[in-house]
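What follows is one structure encoded as C-alpha coordinates, with my remarks underneath.
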Amino acid sequence: MARPRIRVAAYVIRHRSVPELLVFDHVGTPAAGTQVPAGGVGPDEELEPAVLREVAEETGLSDVVVVRRVAVEDKPHPETGQPRRTTFFFLRTSADTPDMWEHRVNGDDEDSGLTFACRFLALPLKQPLADEQDAWLGRIDPFWATPE
(Lines give C-alpha, C1' and ligand atoms only; values in the text may rest on other atoms or scores of the structure.)
Protein backbone atom coordinates (compact mmCIF):
# COMPACT_ATOMS: atom_id res chain seq x y z
CA MET A 1 0.00 0.00 0.00
CA ALA A 2 1.32 3.46 -0.91
CA ARG A 3 2.26 5.90 1.86
CA PRO A 4 -0.26 8.72 2.14
CA ARG A 5 0.64 12.26 1.16
CA ILE A 6 0.78 14.27 4.40
CA ARG A 7 -1.24 17.49 4.32
CA VAL A 8 -2.61 20.20 6.58
CA ALA A 9 -5.81 22.25 6.32
CA ALA A 10 -6.75 25.45 8.14
CA TYR A 11 -10.03 26.58 9.63
CA VAL A 12 -9.11 30.25 10.07
CA ILE A 13 -11.81 31.93 12.16
CA ARG A 14 -12.39 35.60 12.89
CA HIS A 15 -15.00 36.83 15.34
CA ARG A 16 -17.18 39.81 14.54
CA SER A 17 -20.94 39.85 15.17
CA VAL A 18 -20.82 36.14 14.25
CA PRO A 19 -17.89 33.75 13.80
CA GLU A 20 -16.63 33.64 10.21
CA LEU A 21 -14.49 31.14 8.28
CA LEU A 22 -11.77 32.14 5.82
CA VAL A 23 -12.32 30.52 2.41
CA PHE A 24 -11.10 31.12 -1.12
CA ASP A 25 -12.02 30.42 -4.73
CA HIS A 26 -9.59 29.91 -7.60
CA VAL A 27 -9.87 32.97 -9.87
CA GLY A 28 -10.64 31.66 -13.37
CA THR A 29 -11.33 28.10 -12.19
CA PRO A 30 -14.80 28.00 -10.60
CA ALA A 31 -14.95 24.21 -10.92
CA ALA A 32 -12.35 23.94 -8.14
CA GLY A 33 -15.00 25.10 -5.66
CA THR A 34 -14.74 27.06 -2.45
CA GLN A 35 -11.95 25.81 -0.18
CA VAL A 36 -9.99 26.46 3.00
CA PRO A 37 -6.20 26.84 2.89
CA ALA A 38 -4.64 23.38 2.63
CA GLY A 39 -1.57 21.73 1.19
CA GLY A 40 1.35 19.39 1.53
CA VAL A 41 3.82 19.11 4.38
CA GLY A 42 7.54 19.02 3.61
CA PRO A 43 9.62 15.94 4.54
CA ASP A 44 11.16 17.53 7.66
CA GLU A 45 8.39 20.04 8.38
CA GLU A 46 6.29 19.95 11.55
CA LEU A 47 2.51 20.21 11.14
CA GLU A 48 1.88 23.51 12.97
CA PRO A 49 4.52 25.48 11.03
CA ALA A 50 3.22 23.83 7.84
CA VAL A 51 -0.36 25.03 8.41
CA LEU A 52 0.87 28.58 9.14
CA ARG A 53 2.96 28.47 5.93
CA GLU A 54 0.01 27.22 3.87
CA VAL A 55 -2.25 30.01 5.15
CA ALA A 56 0.41 32.62 4.33
CA GLU A 57 1.15 31.14 0.88
CA GLU A 58 -2.48 30.74 -0.21
CA THR A 59 -4.01 33.87 1.35
CA GLY A 60 -1.17 36.23 2.25
CA LEU A 61 -2.29 36.28 5.91
CA SER A 62 0.43 36.08 8.53
CA ASP A 63 -1.63 37.41 11.46
CA VAL A 64 -2.96 33.97 12.43
CA VAL A 65 -2.48 31.84 15.53
CA VAL A 66 -2.90 28.09 15.83
CA VAL A 67 -5.45 27.24 18.52
CA ARG A 68 -5.44 23.44 18.22
CA ARG A 69 -5.67 20.37 16.03
CA VAL A 70 -9.22 19.42 15.15
CA ALA A 71 -9.10 16.14 13.26
CA VAL A 72 -6.97 13.81 11.16
CA GLU A 73 -8.64 12.52 8.01
CA ASP A 74 -7.45 9.63 5.84
CA LYS A 75 -9.16 10.13 2.51
CA PRO A 76 -7.99 9.55 -1.07
CA HIS A 77 -7.46 12.50 -3.39
CA PRO A 78 -10.80 13.15 -5.16
CA GLU A 79 -9.26 13.13 -8.66
CA THR A 80 -6.24 10.80 -8.48
CA GLY A 81 -7.42 8.39 -5.79
CA GLN A 82 -3.95 8.53 -4.23
CA PRO A 83 -3.90 8.14 -0.42
CA ARG A 84 -3.58 11.27 1.67
CA ARG A 85 -3.73 12.13 5.35
CA THR A 86 -4.90 15.64 6.25
CA THR A 87 -4.63 17.19 9.69
CA PHE A 88 -7.19 19.96 10.17
CA PHE A 89 -6.31 22.87 12.47
CA PHE A 90 -8.37 25.59 14.14
CA LEU A 91 -6.68 29.01 13.81
CA ARG A 92 -7.74 32.52 14.81
CA THR A 93 -7.17 35.82 13.06
CA SER A 94 -7.94 39.41 13.92
CA ALA A 95 -11.43 40.88 13.57
CA ASP A 96 -9.68 43.66 11.61
CA THR A 97 -8.76 41.29 8.76
CA PRO A 98 -10.30 42.60 5.49
CA ASP A 99 -13.61 41.09 4.35
CA MET A 100 -12.23 40.05 0.95
CA TRP A 101 -9.08 40.32 -1.17
CA GLU A 102 -7.23 38.57 -4.00
CA HIS A 103 -3.88 36.89 -3.43
CA ARG A 104 -1.44 35.68 -6.09
CA VAL A 105 0.52 32.63 -4.92
CA ASN A 106 4.31 32.89 -5.20
CA GLY A 107 6.92 30.22 -4.72
CA ASP A 108 7.65 26.94 -6.42
CA ASP A 109 4.81 24.63 -5.35
CA GLU A 110 1.84 23.46 -7.43
CA ASP A 111 -0.23 26.58 -6.61
CA SER A 112 2.48 29.02 -7.76
CA GLY A 113 1.06 31.64 -10.13
CA LEU A 114 -2.57 31.00 -9.18
CA THR A 115 -4.77 33.80 -7.88
CA PHE A 116 -7.16 33.11 -5.02
CA ALA A 117 -10.17 35.27 -4.16
CA CYS A 118 -10.24 35.19 -0.34
CA ARG A 119 -13.27 36.04 1.81
CA PHE A 120 -14.97 35.23 5.07
CA LEU A 121 -18.26 33.32 5.35
CA ALA A 122 -20.53 33.34 8.40
CA LEU A 123 -20.77 30.10 10.35
CA PRO A 124 -22.53 27.78 10.04
CA LEU A 125 -21.94 27.61 6.29
CA LYS A 126 -24.98 27.53 4.04
CA GLN A 127 -23.28 25.15 1.57
CA PRO A 128 -20.55 22.55 1.94
CA LEU A 129 -17.01 23.31 0.79
CA ALA A 130 -15.19 21.50 -2.02
CA ASP A 131 -14.07 17.97 -1.15
CA GLU A 132 -16.13 18.12 2.09
CA GLN A 133 -13.44 20.28 3.72
CA ASP A 134 -16.05 21.61 6.15
CA ALA A 135 -16.65 18.15 7.64
CA TRP A 136 -14.82 18.88 10.91
CA LEU A 137 -16.12 22.38 11.76
CA GLY A 138 -18.59 20.89 14.24
CA ARG A 139 -15.66 19.58 16.30
CA ILE A 140 -14.63 23.16 17.02
CA ASP A 141 -18.16 24.25 17.93
CA PRO A 142 -21.29 22.10 17.37
CA PHE A 143 -23.13 25.20 16.12
CA TRP A 144 -20.60 25.53 13.28
CA ALA A 145 -21.44 22.18 11.67
CA THR A 146 -22.64 22.57 8.08
CA PRO A 147 -26.33 21.59 7.80
CA GLU A 148 -26.93 18.52 5.66
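Key figures
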| item | result |
| --- | --- |
| Carbon plus sulfur fraction of accessible area for the chain, probe 1.4 Å, in percent | 51 percent |
| Neighbour net charge for Thr34 - beta-carbon separation under 14 angstrom, K R +1, D E -1 | -4 |
| Whole-Å distance, taken between Cα centres, linking region 11-55 and region 74-148 | 5 Å |
| Helix-only CD estimate at 222 nm, as mean residue ellipticity for the chain, using -39500 (n - 2.57) per DSSP H run (n ≥ 4) | -3000 deg cm²/dmol |
| Length-normalised contact order of region 53-148 in % [C-alpha pairs under 8 Å, at least 6 apart] | 22 percent |
| Where Thr115, Thr29 fall by accessible area, highest first, once all protein chains stay in place (1.4 Å) | Thr29, Thr115 |
| Solvent-accessible surface (1.4 angstrom probe) belonging to Glu48, in square angstrom, nearest 10 | 90 Å² |
| Accessible solvent surface per residue of the chain, calculated while the other protein chains remain in place, 1.4 angstrom probe, Å² | 56 Å² |
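The values are calculated or read from the model by the stated rules, or taken from the named source; none is laboratory data. In this text, all values refer to a predicted model and were calculated from it rather than measured experimentally. All Cβ positions, glycine included, derive from the backbone under ideal geometry; neighbour counts span all protein chains shown. All accessible areas refer to the heavy atoms of the entire protein, side chains included, with ligands and DNA or RNA removed. Shrake-Rupley method; radii C 1.70, N 1.55, O 1.52, S 1.80 Å.
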